[in-house]
Amino acid sequence: MTTHAPQALQSVTLPASLDEAVAALEAMPAAVPVAGGTDLMAAVNKGLLRPSGLVGLGRISELRGWHYQDGHALLGAGLTHARMGRPDFAALIPALAASARAAGPPQIRNAGTLGGNIATSAPTGDALPVLAALEAELVVAGPGGARREVPVSHLLAGREMLAPAELIGFVRVPLLHAPQVFLKATGRTGPGRATASVAIVLDPARRGVRCAVGAIAPMPLRPLEAERWIASLIDWDGERGLAPDALAAFGEYVAAACIPDHAPPADGSEAPPLSPAVLHLRRTVAALARRALGRALS
């Protein structure tokens, strides 16, 4: 998908099922799958991509809805941001719905899909920190009806990759029935690309707090020590409230873990200070984490 070869488009295939789409990609290894096309067509328009064929996923109805399975929601990869932003979905997975509503202007939300957000893996993808905090898993479809499950964090970190002719079919998300919050900061007024984002998910059954920070690194970051520390301070059997000082300390803990100070040089001299821009980003992450946890606990 990064070729600059000036190839002409040869064919467009419109399969009606997930297995048909996999078979089409297997038959045409140079073809590219397309759903909403918000990133793909931008690359084509810029001359960065000249696919020899397209496999359109828009007619595969099984990818556009969701169903329940063993305490999880199995979300079709073709769910659009606009669909995930509706009240019925928000009642199911609030943080994912909030990220979908923040994904950009209406034309992007109406076209962009959950699976496309994951496959593109852009650092600013709004759904990615939420999926990381939820510890979601992907159901990947392969040739011959094969299915395998991959933790979303493994794919985003590059630990596991999609093989040729594989497609993200579904996203398995645990239904925690607990508060979830997604917040992001942008560089301009209104919907836009995040400069930093934070997802907070409470897990009362495990007495845990899950936090993921997006947009500041190639993949979402999980400050695990900060999660464990703040979870130990919460009265899970009581009001679940925290003092403002504890919330502020959590924000600073998260920010320092995700944007650490420079390591000291090998010669023993003092480490250089962080630049003003990086310090501003760290303060932004701290504020987002503090506010997100405060809202979740309230």
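Of the numbered criteria (1) among the hydrophobic types (A, V, I, L, M, F, W, C); (2) more than 22 Å from I200 (Cα to Cα); (3) open to solvent by less than 50 Å² (accessible area, probe 1.4 Å); (4) part of a helix (DSSP H, G or I), the one A119 fails is (3). Across the stretch 22-33, the qualifying residues are those that are touching a helix residue (DSSP H, G or I) at 6+ places or on another chain (Cβ under 9 Å) and under 17 Å from R147 (Cα atoms), and the one among them that is most open to solvent (accessible area, probe 1.4 Å) is E26. Within the set P143, P105, P129, the sole residue that is farther than 21 Å from A73 by Cα, touching a Pro at 6+ places or on another chain (Cβ under 6 Å) and touching a residue at least 40 places away in the same chain (Cβ under 8 Å) turns out to be P105.
Apart from one condition, A102 fits all of (1) out of contact with any helix residue (DSSP H, G or I) (no Cβ under 8 Å at 6 or more places or on another chain); (2) modelled with pLDDT under 95; (3) surrounded by fewer than 18 Cβ atoms within 10 Å (Cβ to Cβ); the exception is (3).
Which of the following residues is of a type outside the set (D, E, K, R), open to solvent by less than 20 Å² (accessible area, probe 1.4 Å) and more than 24 Å from A256 (Cβ to Cβ): G214, G142? After ruling out the rest, the residue left standing is G142. Scanning the stretch 105-114 for residues that are part of a helix (DSSP H, G or I), in contact with a strand residue (DSSP E or B) (Cβ under 8 Å, 6 or more places away or on another chain), open to solvent by 10 Å² or more (accessible area, probe 1.4 Å) and not basic (K, R) yields N110, A111. Scanning the stretch 280-298 for residues that are over 9 Å from V198 (Cβ atoms) and of a type in the set (V, I, T) gives a single hit, T284.
Looking at the stretch 67-88, which of its residues are more than 22 Å from T38 (Cα to Cα) and either touching a Leu at 6+ places or on another chain (Cβ under 9 Å) or not in a helix (DSSP H, G or I) (or both)? Correct list: H67, Y68, Q69, D70, G71, H72, A73, L74.
The values are calculated or read from the model by the stated rules, or taken from the named source; none is laboratory data. Keep in mind that this is a model prediction, so the values were computed, not measured. With ideal geometry, Cβ positions are generated from the backbone for all residues, glycine too; neighbour counts draw on all protein chains shown. These area figures cover heavy atoms from the full protein model, side chains too; ligands, DNA and RNA do not enter into them. Shrake-Rupley method; radii C 1.70, N 1.55, O 1.52, S 1.80 Å.
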